[in-house]
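Worksheet for the structure shown next.
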Protein chains: 2
Amino acid sequence: MNDTINTQLNHKTIRKFKDQSISPEIIDTLLDVAQQASTSSFMQSYSIMSIKDQAKKDKLAEIGNQSYIAGPGHLFVFLVDQHRNQMIAKAQGVETDVFSGFDRFFVGASDALLAAQNVLVAAESMGLGGVFLGSILNQIDEVSTLLNLPQYVAPCVGLLIGYPDQTPQLKPRLPRKVIHFEDTYPDITDILNDLTEYDEVVQTYYDLRNANQRVDKFTTQIANGAQRSHPGRARMLEFLQAQGFIKK
Amino acid sequence: MNDTINTQLNHKTIRKFKDQSISPEIIDTLLDVAQQASTSSFMQSYSIMSIKDQAKKDKLAEIGNQSYIAGPGHLFVFLVDQHRNQMIAKAQGVETDVFSGFDRFFVGASDALLAAQNVLVAAESMGLGGVFLGSILNQIDEVSTLLNLPQYVAPCVGLLIGYPDQTPQLKPRLPRKVIHFEDTYPDITDILNDLTEYDEVVQTYYDLRNANQRVDKFTTQIANGAQRSHPGRARMLEFLQAQGFIKK
């Protein structure tokens, strides 16, 4: 146990921030941390955009249907970026379709996500809090137009950080045996029949968080989630292919 | 500045480990940290496999063409996992093809990668070191057979951790202005013409690391990388679709 692990074990998503801006020095440190994360084959196939323009924050809040995106906090958008590498190769006389393969998209997404988690951990270690925003994928084409993304660049995940103005409880995770295995993927039928206790733990958590809100068991949430998909998300693959990615 | 950020800023990939096993208590803490990472819509769409069987480590070392995978160290494989959620939904009478959409694959990969980075940061905070293994994707179909992965499960990234038996130098990252932007994606043509200094920094790094090895500039590495792709990687999309993923 140490301060780092203590920070990580106490991670809670923060969606409400004080109206207190983060100093440029802190943002600079967070970007240093982001860049020092591992990157596949040292290709650094990602970029980071800070959204400071209020009109763009408003638009992203509208697209994500999350009003807090427009409020206080520093907003990062992590991008899969093979544009830079493609331009570097081209400048060396290398014209190629390698960036259109699934793996180069996946490599860029991996780089972006490792960097993003590094930033959140660093932010939390300084007493900041944050929330990942998958909602920027809900209308990925509109977001890309808004951010002026060229070919071979796509939004991956957003991250809003700031000084916490709420103190949520720790959200209970799945029992270890359901999510961690040794050497082989087990038959999980029996394990899944055993989620009753976890369902109750999750219900209690929601109950404590907001007694006035509808409270679903974990398994009910998953079943409900399996019945609906954001219509914009259904356009992700088509959009990524139009950006030059995942053609094979 | 604090211990966490100091750890993160000093991240170096470790590929050589002492023959000293990691205690079960430490592995348990790392799994706690993994599980406390953010997960999209609280769906926890990933799993973690610890590979302890030496024959499987040998096979993964052969597939990845990285002999150190078979050596000392604890080997995690992070999996995109929608099998569990699909089974939970089915048990509630919900039969759906939602897990075949690109977005549910991407959500699972995001969950897995955030958890994986959390584990590496925690490990490094305890004096351990590690290396991410994208090489498990080089023959993703063989790896999946080896690990007995069912439909809606796929390898995402490997992570080998252990007690460091090498002390590499910090690897210099791209200049900030090339990778971080504000509000809009810039025309990077001019920026890319300005990578000469970074090319020299990278060359010096490699020179110091191993004077006997061929030393490439960063831009040369990228151009070379754009001319070749691992043949197994070209099968990734086809494999993922066979696993039930990314059909639309």
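The values are calculated or read from the model by the stated rules, or taken from the named source; none is laboratory data. This one's a predicted model, so the numbers in the text were calculated from it and none came from an experiment. Here Cβ is always computed from backbone atoms with ideal geometry, including for glycine, and neighbour counts include all displayed protein chains.
Quick check on B:GLN166: is it surrounded by 13 or more Cβ atoms within 10 Å (Cβ to Cβ) and more than 9 Å from chain A (Cβ to nearest Cβ)? Break it down into steps so the answer makes sense when it comes.
Values: surrounded by 13 or more Cβ atoms within 10 Å (Cβ to Cβ): no; more than 9 Å from chain A (Cβ to nearest Cβ): yes.
So B:GLN166 fails the test.
Here is a list: A:ALA112, A:ALA154. Which entry is among the small types (Gly, Ala, Ser), within 11 Å of chain B (Cβ to nearest Cβ), part of a helix (DSSP H, G or I) and in contact (Cβ under 8 Å) with a residue 12 or more places away in the chain? Walk me through it before giving the result.
Values: A:ALA154 fails: part of a helix (DSSP H, G or I).
Exactly one of A:ALA112, A:ALA154 is among the small types (Gly, Ala, Ser), within 11 Å of chain B (Cβ to nearest Cβ), part of a helix (DSSP H, G or I) and in contact (Cβ under 8 Å) with a residue 12 or more places away in the chain, namely A:ALA112.
Examine the range B:120-137 for a residue that is among the small types (Gly, Ala, Ser), within 7 Å of chain A (Cβ to nearest Cβ) and not in a helix (DSSP H, G or I), and state whether such a residue exists. Lay out the reasoning, then the answer.
Taking the range B:120-137 and keeping what is among the small types (Gly, Ala, Ser), we get B:122-123, B:125, B:127, B:129-130, B:134-135.
Within this subset, residues satisfying the condition of being within 7 Å of chain A (Cβ to nearest Cβ) are B:122, B:125, B:134.
Those left that are additionally not in a helix (DSSP H, G or I): none.
The answer is no, given that none of the residues of the range B:120-137 is among the small types (Gly, Ala, Ser), within 7 Å of chain A (Cβ to nearest Cβ) and not in a helix (DSSP H, G or I).
Among the residues that make up the range B:2-11, is at least one of them more than 7 Å from chain A (Cβ to nearest Cβ), modelled with pLDDT of 95 or more and farther than 30 Å from A:SER229 by Cα? Spell out the reasoning first.
In the first step, residues of the range B:2-11 are kept if they are more than 7 Å from chain A (Cβ to nearest Cβ); the result is B:6, B:10.
Keeping just the survivors that are modelled with pLDDT of 95 or more gives B:6, B:10.
When the remaining residues are screened for being farther than 30 Å from A:SER229 by Cα, the result is B:6, B:10.
Yes, that holds for at least one residue.
Here are A:GLN36, A:GLN20: which of them is modelled with pLDDT of 95 or more and out of contact with any His (no Cβ under 6 Å at 6 or more places or on another chain)?
Working: A:GLN36 fails: out of contact with any His (no Cβ under 6 Å at 6 or more places or on another chain).
The match here is A:GLN20.
When you scan the range A:59-72, do you find a residue that is hydrophobic (A, V, I, L, M, F, W, C) and more than 20 Å from the chain's Cα centre (by Cα), even just one?
As a first pass, look at the range A:59-72 and keep what is hydrophobic (A, V, I, L, M, F, W, C): A:60-61, A:63, A:69-70.
From what's left, more than 20 Å from the chain's Cα centre (by Cα): none.
The answer is no; no qualifying residue exists.
Among A:ALA55, A:ALA61, A:ALA70, A:ALA91, which is the only one that is of a type in the set (A, V, I, L, M) and modelled with pLDDT under 95? Break it down into steps so the answer makes sense when it comes.
On the way: A:ALA55 fails: modelled with pLDDT under 95; A:ALA61 fails: modelled with pLDDT under 95; A:ALA70 fails: modelled with pLDDT under 95.
Result: A:ALA91 is the single residue among A:ALA55, A:ALA61, A:ALA70, A:ALA91 that is of a type in the set (A, V, I, L, M) and modelled with pLDDT under 95.
Hey, A:LYS90 hits all of (1) basic (Lys, Arg); (2) out of contact with any strand residue (DSSP E or B) (no Cβ under 8 Å at 6 or more places or on another chain); (3) under 21 Å from A:ILE161 (Cα atoms); (4) more than 7 Å from chain B (Cβ to nearest Cβ) but one; which does it fall short on?
It fails just one condition, (3).
Within the range B:14-29, can you find the residues that are facing chain A (nearest Cβ under 9 Å) and either within 18 Å of A:VAL121 (Cβ to Cβ) or buried (at least 18 other Cβ atoms within 10 Å of the Cβ) (or both)? Talk me through it step by step, then tell me what you get.
Here is the first cut: in the range B:14-29, the residues facing chain A (nearest Cβ under 9 Å) are B:28-29.
B:THR29, the sole residue that qualifies.
Out of B:SER110, B:SER125, B:SER144, report the one residue that is buried (at least 21 other Cβ atoms within 10 Å of the Cβ) and either touching a Leu at 6+ places or on another chain (Cβ under 7 Å) or closer than 18 Å to A:VAL107 by Cβ (or both).
Details: B:SER125 fails: either touching a Leu at 6+ places or on another chain (Cβ under 7 Å) or closer than 18 Å to A:VAL107 by Cβ (or both); B:SER144 fails: either touching a Leu at 6+ places or on another chain (Cβ under 7 Å) or closer than 18 Å to A:VAL107 by Cβ (or both).
Exactly one of B:SER110, B:SER125, B:SER144 is buried (at least 21 other Cβ atoms within 10 Å of the Cβ) and either touching a Leu at 6+ places or on another chain (Cβ under 7 Å) or closer than 18 Å to A:VAL107 by Cβ (or both), namely B:SER110.
Out of the residues in the range B:216-239 that are modelled with pLDDT of 90 or more and basic (Lys, Arg), state the one that is nearest to the chain's Cα centre (by Cα).
Among them, the one singled out is B:ARG233.
Per-residue answers, yes or no, for (1) in contact (Cβ under 8 Å) with a residue 40 or more places away in the chain; (2) outside any loop (DSSP other than H, G, I, E, B); (3) closer than 25 Å to A:LEU79 by Cα:
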{"site": "B:GLN169", "(1), (2), (3)": "yes, no, no"}
{"site": "B:VAL178", "(1), (2), (3)": "no, yes, yes"}
{"site": "B:ASP199", "(1), (2), (3)": "no, yes, yes"}
{"site": "B:VAL202", "(1), (2), (3)": "no, yes, yes"}
{"site": "B:TYR205", "(1), (2), (3)": "no, yes, no"}
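If we keep just the residues of the range B:180-193 that are facing chain A (nearest Cβ under 7 Å) and not in a helix (DSSP H, G or I), which is nearest to A:VAL153 (Cα to Cα)?
Per the stated criteria, the residue is B:TYR185.
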